[in-house]
Amino acid sequence: MCRPYDSELIDLALEIARKENFAAHKGVYVGVLGPNLETRAEYRFLRGIGADVVGMSTVPEVLVAVHASMKVFAVSIVTDLCFPESLKPADIAEIIATANGAEPKLTKIVKGIIAHGAHQKTAFPS
């Protein structure tokens, strides 16, 4: 588990985003138990330990995939900017709209990685 995410797949995802002319960033995802939204103090703590984004999924799926010897990369859509000093109540409609707006970009990344894997036998384990 010292390297659960495949650096080649991450680099490929970032390259696809650049070619498609949209922003994508590499960062630290911290998984928390849910369902919940964090308090100001929790956001400060999570930022302090290195979190760039916080979520309730991804980590369990990555653990299972790595255990199954799969190459893994993860992508998250940031739907809610949670700055402790300007924290406001979550607006679920706004969060869903943000996620829906990002879907075409996510689709381009996933399709690009799949297409690359179809042309590169080493991209995915057999």
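The values are calculated or read from the model by the stated rules, or taken from the named source; none is laboratory data. Please read these numbers as outputs of a predicted model, since none were measured by experiment. Methodologically, a virtual Cβ is constructed for each residue, glycine included, from the backbone with ideal geometry; neighbour enumeration extends over all protein chains shown.
Residues that are basic (K, R) and either assigned to a loop (DSSP other than H, G, I, E, B) or modelled with pLDDT of 95 or more (or both) were ranked within region 17-72; the one that is surrounded by the most Cβ atoms within 10 Å (Cβ to Cβ) is K71.
Restricting region 1-16 to residues that are in contact with a helix residue (DSSP H, G or I) (Cβ under 7 Å, 6 or more places away or on another chain) and not in a helix (DSSP H, G or I), the residue that is surrounded by the most Cβ atoms within 10 Å (Cβ to Cβ) is P4. Can you spot a residue in region 112-120 that is of a type outside the set (A, V, I, L, M, F, W, C), surrounded by 11 or more Cβ atoms within 10 Å (Cβ to Cβ), more than 27 Å from E15 (Cβ to Cβ) and free of Cβ contacts under 8 Å to residues at least 40 places away in the same chain? No.
Within region 73-105, the set of residues being aliphatic (A, V, I, L, M), exposed (fewer than 15 other Cβ atoms within 10 Å of the Cβ) and outside any loop (DSSP other than H, G, I, E, B) comprises I92, A93, I95, I96, A97, A99.
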